[in-house]
2 protein chains.
Amino acid sequence: MTAPEVGFDVLLRRGAARLGLLRTAHGAVRTPAFVAVGTQATVKSVDPERVRDTGTQALFANTYHLYLRPGAERVAAHGGVHRFMAWDGPVMTDSGGFQVFSLGASIDHGVGKVSSLFPGMEARPPEAAPRLSAAGGSLVRVGEDDVVFRSHVDGSLHVFTPETSVRVQRQLGADVMLAFDECTSPLHDEAYTRASNDRTHRWAERCLAAFEAEPARHGYPQMLYGVVQGGAFERLRRESARTIAGMPFHGIAVGGNLGRTHADMHQVLAWTVAELPASRPRHLLGIGDVPSVLAAVARGLDTFDCVAPTRNARNGGALALRDDDGRPLANFRRNLRNARYADDARPIEEDCACPTCARFSRAYLRHLLQADEPLGPQLVTVHNLAFMARLFAEVREALERDAYADLVERWLGHLPAPRAAALP
Amino acid sequence: MTAPEVGFDVLLRRGAARLGLLRTAHGAVRTPAFVAVGTQATVKSVDPERVRDTGTQALFANTYHLYLRPGAERVAAHGGVHRFMAWDGPVMTDSGGFQVFSLGASIDHGVGKVSSLFPGMEARPPEAAPRLSAAGGSLVRVGEDDVVFRSHVDGSLHVFTPETSVRVQRQLGADVMLAFDECTSPLHDEAYTRASNDRTHRWAERCLAAFEAEPARHGYPQMLYGVVQGGAFERLRRESARTIAGMPFHGIAVGGNLGRTHADMHQVLAWTVAELPASRPRHLLGIGDVPSVLAAVARGLDTFDCVAPTRNARNGGALALRDDDGRPLANFRRNLRNARYADDARPIEEDCACPTCARFSRAYLRHLLQADEPLGPQLVTVHNLAFMARLFAEVREALERDAYADLVERWLGHLPAPRAAALP
């Protein structure tokens, strides 16, 4: 199924970890790699040329958002998401499922409830839907065939199917598409998670069929990844991984609930990866904190997307390895709004060569943030993207040199938590 | 008084208009030129490297804002505003006066009223002060010696004098500083305007004395411009221009009320310029619309600052010479939020080579604006700065070639209004 020009090569293995090359129609991604989030076809506040300057290799856009606004056909008419947003590197899109459920406030346990809005259908009234309250009520209804949800933009009703998701991602033209799945939450019990898991697998088959039936729109080949779900239940995770791995997807994404602790995540990744073929690329959805990344790379994950580096930047949270005195920074984050930076002429990180650290002091960045100047979030986002790119460049170099333990020591050695789990 | 390395050269005259070179410690500005506004030491949302890419030669920062936040001494400790904001080109600062009066909501006519807050002093209670209402009452009190005002940031009371203004601008380190003045409004009568004018002239003397007494802080020479006021009253304008021109300022800024119509502005500029020496640079404060710029250049003005190109960009107002059918655009502005652009794959202007037009469609820009994505205002601001730089580059070229009438025809020929007034 893989067209010759796109695919994945494992270049080198170190334990479960690997160095790889994800070849797409818009260039290759050296893995392990961070995929920066550009939800609405823009990495918030950063010019795509500057995104490139940070060392960012690939972007992750959200199907749900672009489907609602500006509309996928509109993006298609522009030649796809790359040309629309002037980013000529690789792009991934999700299936739309995660946002359908999360923005639809779907986290509840009422499987089989009948909604007054959709009588006779399996409906899940939201526990809380602040984003939708102004839109006149919010609801996501998950059926065997489709999902009905309200737009967070204008409250309009939409029906999404696996086929819709594939068609929309064909219109958007992402290099890596994801199969439509239901993302279960830690609040779902095993019975619900099993039923959902089985449905996600049936949807995966339909996505593959639709991918074959719906040709690429923009003259270049796209890849389709299946998504492993199964919550934090060993049997369900292993079963999902085996099932998805048994289908002819170009790659495997690991989604959903990874448990409540760092140790749980390790466990879930261990179960999952044990069932996956070594030859295909593995993406971990929604994870991007340093300890998790280092652990997941050691478990054999190849690519990662996460909103945290860009979202935190907008609140003044600048990523840094250590504080100036060498002590750990909570979550590797320097809060630039803090008054201690008001007269601090140093850059965010003294050894960082990013376009922000090369030119601007903490004091200037704090000034911009305090004055609500949009350049503040922009410059901090640039640094955080460069930080993530540097982290992954060091990861790749450490795997190459077979020095991953040294890397883990360098990045996590100052933290009190046990670190052995991060070793390959 | 002019240090040899800074100053102004008139290179060529065409009628009253002239081509010039404003030499500053941070490079020369080819005039006529637009000075882009960067109120809080940032051109809102645009990286200074990108500002440079637009062809922008110089920036205009606001003393009042930087004095209040982050504080002028803090900027001084960083080596001045250039290093603070990573802009190594020329910077102008205003005196603080305009914002003191406008943000202090000073427009009233109650000269000589006694405020309950400042008993015994000449006080001017505001007619309306929405920006300050939350700060527990707002007031600007103009005295002979000083101005007392409340901060729009935190409501604190501040005293500004001509000497304060000079000291703060020395701390900020702008290449061109302005003398502290009172900016009168069209609502002020001739008697108030005359009294204010006389006070502004006394303040101008104090600014010059302070400029001599307060040495440059950052190791390079700065220039000080005097400000001509006088409202729309011929006698007062001429008197102010003669008085300010009689003082050893490096240049002359024309401020305040220029009347209510385009014709009034012409009149005021004619009276003013008639009294000014030809050798010194002339800055027109707060004017940046195309017809006014072309007219004022013809009257002999050299530099211009205006918030409109950047402020309008933030609302989706993109500058363009003509609509696609060749017809005039109201105020040379394309409203990119308009639904007609939703599927428009063309750039803002088809013949524009700016970093925005080279890469992005109207449809993409509209999407960003509709989705409240900060990249939208950023990209439109970049275009508008490039538009202003292009306008002035064409102005300089037209003066060089002695073809200003052709330029005016090209830029204003499609407008219904009489255009002869714009000719030199």
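Please treat every number below as a calculation from the coordinates, not as lab data. Owing to the predicted nature of the structure, the values given are computational and were not obtained by experimental measurement. Here the Cβ is made from the backbone with ideal geometry for all residues, glycine too, and neighbour counts use every protein chain on show.
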* Which whole number gives the average, over all residues in A:367-377, of C-beta atoms from other chains lying within 10 Å of the residue C-beta? -> 6
* About the Cα centre, charge dipole magnitude for chain A (Lys/Arg +1, Asp/Glu -1 at Cβ), debye -> 280
* To do: Just need the relative contact order of segment B:246-302 here, percent rounded to a whole number, with Cα pairs under 8 Å and 6+ apart.
  => 43
* From Cα coordinates alone, what are the radius of gyration and Dmax values for the protein assembly as shown in angstrom? -> 30.9, 92
* Structure fact -> To the nearest 20 debye, the protein assembly as shown has a Cα-centred charge dipole, built from +1 on Lys and Arg Cβ and -1 on Asp and Glu Cβ, of 20
* **Residue among A:Met388, A:Ser102, A:Leu236 farthest towards the positive dipole end of chain A, charges placed on Cβ** => A:Met388
* Structure fact -> Spelling it out for B:Asp344: with amide H atoms placed in the peptide plane at 1.01 Å from N, the residues 5 or more places away or on another chain with amide H under 5 Å from its amide H are B:Ala363
* **Backbone HN-Hα couplings from phi across segment A:264-273 [Karplus 6.51/-1.76/1.60, Hz, Gly and Pro as x]** => 4, 4, 3, 4, 4, 5, 4, 4, 5, 4
* To do: In nm to one decimal, list the spacings between the B:Gly155 label point and its equivalents in the other copies, with label points set 7 Å along Cα to Cβ, shortest first.
  => 3.7
* **Packing-based ranking, highest mean first, of A:173-184, B:155-166 given that Cβ atoms within 10 Å are counted** => A:173-184, B:155-166
* To do: Can you tell me the dipole magnitude for segment B:315-410 around its Cα centre, using point charges on the Cβ only (Lys, Arg +1; Asp, Glu -1), in Debye to the nearest 20?
  => 300
* Shortest first and in nm to one decimal, what separations exist between A:Gly143 and its copies in the other chains, measuring from label points 7 Å along the Cα-to-beta-carbon line? -> 7.8
* Counting alpha carbon pairs within less than 8 Å and at least 6 residues apart, what relative contact order, in whole percent, applies to segment A:313-422? -> 25
* Histogram of C-alpha separations across segment B:307-413, 5 Å bin width, % -> 2, 13, 23, 24, 18, 10, 6, 3, 1, 0
* Asked: Which net charge results for the neighbourhood of A:Arg170, defined as the other residues with beta-carbon distances under 13 angstrom from its beta-carbon, given Lys and Arg at +1 and Asp and Glu at -1?
  -> -3
* Structure fact -> Going from the fewest other Cβ atoms within 10 Å to the most, one would list A:Tyr192, B:Tyr341 as A:Tyr192, B:Tyr341
* Over chain B, relative contact order from alpha-carbon pairs under 8 Å, at least 6 apart, % -> 16
* Structure fact -> Partner shielding of A:73-83, as the mean number of partner chain Cβ atoms within 10 Å, equals 2
* Taking chain B as the reference, fit the longest principal axis to its C-alpha atoms, fit the long axis of helix B:234-245 to the helix C-alpha atoms, and give the angle between the two in degrees, 0 to 90, nearest 10. => 80
* **In Hz, Karplus ³J(HN,Hα) per residue of segment A:141-151 (6.51, -1.76, 1.60; θ = phi - 60°; x = Gly, Pro)** => 10, 9, x, 5, 8, 7, 10, 10, 8, 9, 5
* Helix A:375-400 sits at what angle to the longest principal axis of chain A, using alpha carbons and giving 0 to 90 degrees rounded to 10? -> 90
* Asked: Taking the axis about which chain B rotates onto chain A, which residue of B lies nearest it as judged by Cβ position, and how many whole Å separate them?
  -> B:Pro374, 3
* Average partner chain C-beta neighbours within 10 Å, per residue of A:31-43? -> 2
* Tell me the distances, shortest first, between B:Leu415 and the same position across the other copies, using label points 7 Å along Cα→Cβ, in nm to one decimal. => 6.1
* segment B:7-30-segment A:147-198 distance, computed between alpha-carbon centres (Å) -> 63
* Under 5 Å, built H, 5+ apart or other chain: amide partners of A:Arg334 -> A:Ala318, A:Leu319, A:Ala320
* Structure fact -> In the neighbourhood of B:His82 defined by beta carbon distances under 11 Å, the net charge of the other residues (Lys, Arg +1; Asp, Glu -1) is -1
* Using the charge dipole of chain A (Lys, Arg: +1 at Cβ; Asp, Glu: -1 at Cβ; taken about the Cα centre), state which of A:Gly226, A:Asn338, A:Phe8 has its Cα farthest towards the positive end. => A:Asn338
* Built amide H within the under 5 Å cut-off of B:Gly230, gap 5+ -> B:Thr184
* Asked: Antiparallel as a % of all DSSP beta bridges within chain A, to the nearest 5?
  -> 50
